Amino acid sequence: MNGAHFAFTDRWGGVSAVPYEELNLGGAVGDDPGAVRTNRELAAKSLGLDAAQVVWMNQVHGADVAVVDRPWDSASRIPSVDAVVTARRGLALAVLTADCTPVLLADPVAKVAAAAHAGRPGMIAGVVPAAVRAMTELGAEPSRIVARTGPAVCGRCYEVPAAMRAEVAAVEPAAHAETSWGTPAVDVTAGVHAQLERLGVHDREQSPVCTLESGDHFSYRRDRTTGRLAGYVWLD
Ligand SMILES: [Zn+2]
């Protein structure tokens, strides 16, 4: 699509052992670092990417954004942010999740891309609007931005205490949800899409996959000790 590429992994096709089987792409979940490195190479290769040209984040459930034009110098230099933005073609941006909502954005005309990690705290803190603002500072137009959200825990599964739902809904009413068994819940992805709609980002698609319900995806709420999925965005 006009040179914008979006991809989301599932848990298969990698080398990690139980409970990270198979394609764990997260480096901070207790898995063997060598397996993670191999998995990142396998995933990049399957997407036609150079693993050395993939930008990862140290995600902290905040709303800070980093603008990047090349890979980080070393693992110790990876900033604690929940969104990365680039105007560099061919540089892939990656976001790690296991229930949180991975958000990929690209303006194929301005050639500006962003990846954001939106869990409940990040969605409330506005990490996605912050990423869109950073994109517009690099020349992107919201009306041209293509947005894709990946596999995440759905609003029918993400049970929270009533007070927490009220707190979230006070900030983002669209995130107000109820579980399939009738208790208070939060729909983070619905919140993200409402935020994007208000910003004028209309070209949006949402993955139908609920990580908690899918045996093909990692889910932190389901398994606690588990791997991480990745979403990748890049522009030709
Ligand atoms: Zn679900």
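The values are calculated or read from the model by the stated rules, or taken from the named source; none is laboratory data. It should be emphasised that the depicted structure is a prediction, and the values quoted were computed from it without experimental measurement. A quick note on method: Cβ atoms are made from the backbone with ideal geometry, for glycine too, and the neighbour counts reach across all protein chains shown. The accessibility values were calculated without ligands, DNA or RNA, using every heavy atom of the protein model including side chains. Shrake-Rupley method; radii C 1.70, N 1.55, O 1.52, S 1.80 Å.
Can you tell me the accessible area per residue over segment 1-154, all protein chains present, probe 1.4 angstrom, in square angstrom? Solvent-accessible surface per residue comes out at 40 Å². For the chain, the list of Cys residues with no other Cys C-beta under 4.7 Å reads Cys100, Cys157. The magnitude of the dipole of segment 94-226, with charges of +1 and -1 set on the Cβ of Lys/Arg and Asp/Glu and taken from the Cα centre, is near 140 debye.
Indicate the gyration tensor shape class of segment 100-172 (rounded, prolate or oblate), computed on the Cα atoms with a ≥ b ≥ c the square roots of the eigenvalues: a/c under 1.5 is rounded; otherwise a/b larger than b/c is prolate and the rest oblate. In terms of gyration-tensor shape, prolate.
Take every Cα pair under 8 Å whose residues are at least 6 apart in sequence, average their separation, divide by the length of the chain, and the relative contact order is 26 percent.
Cα centroid separation, segment 66-109 to segment 116-175: 16 Å. Only helices enter the 222 nm calculation for the chain: every DSSP H run of n ≥ 4 contributes -39,500 (n - 2.57), and dividing by all residues gives -7000 deg cm²/dmol, rounded to 500. Assign one of three labels to the chain, namely rounded, prolate or oblate, based on the Cα gyration tensor with a ≥ b ≥ c the square roots of its eigenvalues; rounded applies when a/c is under 1.5, prolate when it is not and a/b is larger than b/c, and oblate otherwise. Oblate is the answer for the chain, as a/c is 1.5 or above yet b/c matches or exceeds a/b. In this Cβ point-charge picture (+1 for Lys and Arg, -1 for Asp and Glu), the chain has a dipole of about 260 debye about its Cα centre.
Entry for segment 1-113 at q = 0.15, 0.16, 0.22 Å⁻¹: log10 I(q)/I(0) = -0.67, -0.77, -1.44, Debye formula applied to identical alpha-carbon scatterers, no solvent contribution. The residue among Tyr232, Pro19, Ser207 whose Cα reaches farthest toward the positive pole of the charge dipole of the chain, with charges on the beta-carbon of Lys, Arg, Asp and Glu, is Tyr232.
If R0 is taken as 30 Å, the Cβ-Cβ distance between Glu141 and Asp10 corresponds to a FRET efficiency of 0.40. For the chain, the share of accessible area belonging to carbon and sulfur comes to 50 percent (1.4 Å probe, ligands and nucleic acids excluded). Peptides 166-175, 16-25, 72-81 ranked from most to least packed give 16-25, 166-175, 72-81, packing being the mean of other C-beta atoms within 10 angstrom over each peptide's residues.
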